[in-house]
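Heads up: the structure comes next, in structure tokens.
The values are calculated or read from the model by the stated rules, or taken from the named source; none is laboratory data. What you see is a predicted model, and the numbers here were worked out from it, not measured in a lab. Don't worry about glycine lacking a Cβ; one is built from the backbone with ideal geometry, like all the others, and counts go over all protein chains shown. All accessible areas refer to the heavy atoms of the entire protein, side chains included, with ligands and DNA or RNA removed. Shrake-Rupley method; radii C 1.70, N 1.55, O 1.52, S 1.80 Å.
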Amino acid sequence: MRLEKLNSLSLLWGIPSKEGLKKIKKTNSVFIPEMRPYILGLKVAEGLNKEGVKPIYVTDNMLGLLFYKQKIKEVLFFYKQRQNGHFLGICGSLYVCLLSHLHQVPIKALK
């Protein structure tokens, strides 16, 4: 799929819960990064595909370009837990949050 043909989509970061999957099902398609070092994005993309959501799998280093080209309208950030007012997420969460802040893309924190 060509980058020019993509409209602004949600970027999913983290592993969604069953409740989170219900919220994602409302969207037609989402970006799923690989989420290194364990390549969690493939597992998440497979689960979304079964739920009828079309995942667009992208490499982690492609995220900067997607933010720059304004292809990401929001980040759906799935966190593990919350401690002392801070969200604890998977590896790479700070990178995605900093990119979102830099490009003024809203983050929706979901459990």
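Of all the listed residues (Lys73, Lys54, Lys22), the sole one being modelled with pLDDT under 85 and of a type outside the set (Phe, Trp, Tyr) is Lys22. A Cβ distance below 8 Å, combined with a sequence gap of six or more or placement on separate chains, defines the contacts here; from the stretch 99-111, residues that are farther than 11 Å from Glu74 by Cβ reach residues that are assigned to a loop (DSSP other than H, G, I, E, B) and open to solvent by 50 Å² or more (accessible area, probe 1.4 Å) in the pairs His103/Gln70.
Against the definition (of a type in the set (Val, Ile, Thr) and at negative phi), how does Ile39 come out, yes or no? No, not satisfied. Checked against the criteria, Lys71 counts as touching a residue at least 60 places away in the same chain (Cβ under 8 Å) and under 23 Å from Thr27 (Cα atoms). Residue pairs whose Cβ atoms lie under 7 Å apart, separated by 6 or more positions or on different chains, with the first residue in the stretch 33-53 and free of Cβ contacts under 8 Å to residues at least 24 places away in the same chain and the second open to solvent by 60 Å² or more (accessible area, probe 1.4 Å), are Gly41/Tyr57; Ala45/Tyr57.
Cβ-Cβ contacts under 9 Å between residues 6 or more apart (or on different chains), taken from a first residue in the stretch 10-26 that is under 22 Å from His103 (Cα atoms) to a second residue that is among the basic types (Lys, Arg) and open to solvent by 100 Å² or more (accessible area, probe 1.4 Å), are listed as Ser10/Lys73; Ser10/Lys108; Leu11/Lys73; Gly14/Lys80.
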